[in-house]
Amino acid sequence: MTQNVWFIAAIWMALAFSASLISIWAGISVALIEILVGVIAGNFLGIHATTDWINFLALLGSGVLTFLAGAEIDPRSLKANLRASGLIGILSFGVPFVIVWIFAQFVLGWPLQQAQIAGVALSTTSVAVIYAVMIEGGYSDTAMGKTILAACFITDFGTVLALGVLFANFNMWLVVFVVAMCVVLWFMPTWTQFIIVRLGATRVSEPEVKFIFFILFFLGGLATTAKSEAVLPAYLVGLVLAGVFLRDKTLVNRMRSIAFAIFTPFYFIKAGLYVSLPALWAGLGIIGALLFLKTITKLVGVFPLARMHYMGKREASYTTLLMATGLTFGTISALFGLQNKIIDQRQYTVLVSVVILSAFVPTLIAQKFFQPSVEAMHAWGRVYRKRMRVLSVEDVGDNGNAKSEQGDQDAL
């Protein structure tokens, strides 16, 4: 049975189905439950090995989730809330990166490059986890939800930039990748809109979806050839297509259904398989210290800025905890260090364990103790833009009148 591809697929989808049922029963994001199911499967059910096609589906899951997260950011809302998302994103990356680097080098005694890998891996914020939480809670259409997603992008862009500057090989393929990505990003909205208008509404073959996947695969191939990461162009493509998706909700809903039904379970469950409980217990002290350090540095970097930008304590705590999550870029950074012989297997296990625990623990606390209402997240956006004197269509009520700031303050 373990050599039969159909039985293997059935086992993985049974795990995904179980995670969905537990998620509905417990009221916790399915992404977290799928990670937990992966931990249980790897440590108690004997499911350790993954196949090439499982690895590909998991890789595709992270890429599509990252693309959809970028596509959820309304350009108008991004412009209106740019100061908040920009400052939160920059400090969300910078403070953990520097502090973890210093801690790993001077307290744990890791050499310079190993400490830098630790700083990069633990400075990240998980686009995949946050996007899944936003969609399930109905927060992706709120100003606060879009601001968190935008801040998440800025944080992870800092991570990719740091990894590239410190460790990347600058070669001709990198130049080709950058040039090709710039061209595609410039023309992508026009190309996609043309296909939707001319073909998308009348064809059951879904040409617009296939075109987007083609672009994601092509840029992903160039990125990996240039020793970069495929999820970076996926996010940027989603970002430039956000305006197109805003006008065509059917397209984004179809792609979201495909991603959450097929791709993302493989990604999150596989992430859980990386957690070895024996290794976790063996390095519990270091793992606990690094997890605490990541969370506290995110708190220092994010919470004051969230409060400064008119979030209530509950909303600021929720934002801080979500920004403390890590998964995609954290595991990518740790794996980069292992494959390039910068860190050893023990250090890799420690970093990946911390990254995956950071995807689970802060999100669970945020959802159980600090989760705001949808109205409160909308209200924050209106208060913020009125204080900053940047208004948008979101600030007008159903009757055409501007909504009361006092009512928004009460909601917060």
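The values are calculated or read from the model by the stated rules, or taken from the named source; none is laboratory data. Not measured: the values here are computed from a predicted model. Heads up, the Cβs are rebuilt from the backbone with ideal geometry, glycines too, and the neighbour counts pull from every protein chain shown. Note: accessible area is taken over every heavy atom of the protein model, side chains too, but ligands, DNA and RNA are not part of it. Shrake-Rupley method; radii C 1.70, N 1.55, O 1.52, S 1.80 Å.
For segment 16-50, a tally of residues being part of a loop (DSSP other than H, G, I, E, B) and open to solvent by less than 40 Å² (accessible area, probe 1.4 Å) returns 3. The residues listed here are THR331, THR325, THR295, THR320; of these, the one that is within 18 Å of the chain's Cα centre (by Cα), open to solvent by 40 Å² or more (accessible area, probe 1.4 Å) and closer than 30 Å to VAL64 by Cα is THR295.
Conditions (1) in contact with a strand residue (DSSP E or B) (Cβ under 8 Å, 6 or more places away or on another chain); (2) modelled with pLDDT under 85; (3) assigned to a helix (DSSP H, G or I); (4) at positive phi, marked per residue:
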position: GLN113; (1), (2), (3), (4): no, no, yes, no
position: THR125; (1), (2), (3), (4): no, no, no, no
position: TYR131; (1), (2), (3), (4): no, yes, yes, no
position: ASP141; (1), (2), (3), (4): no, yes, no, no
position: GLY158; (1), (2), (3), (4): no, no, yes, no
position: GLY164; (1), (2), (3), (4): no, yes, yes, no
position: VAL184; (1), (2), (3), (4): no, no, yes, no
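When PHE157, PHE153 are checked against the criterion of being in contact (Cβ under 8 Å) with a residue 40 or more places away in the chain, within 30 Å of THR319 (Cβ to Cβ), surrounded by fewer than 20 Cβ atoms within 10 Å (Cβ to Cβ) and within 22 Å of the chain's Cα centre (by Cα), a single residue qualifies: PHE157.
Kindly provide the set of residues from segment 48-74 that are of a type in the set (Phe, Trp, Tyr) and without any contact (Cβ under 8 Å) to a residue 12 or more places away in the chain, ordered by number. Answer for segment 48-74, where residues must be of a type in the set (Phe, Trp, Tyr) and without any contact (Cβ under 8 Å) to a residue 12 or more places away in the chain: just PHE56.
With respect to LEU222, is the statement that it is in contact with a Ser or Thr (Cβ under 9 Å, 6 or more places away or on another chain), at pLDDT below 85, in a helix (DSSP H, G or I) and open to solvent by less than 80 Å² (accessible area, probe 1.4 Å) true? No; evaluated as a whole, the condition is false for this residue. Only one entry in VAL197, VAL252 is of a type in the set (Val, Ile, Thr), under 23 Å from ALA151 (Cβ atoms) and at pLDDT below 85, namely VAL252.
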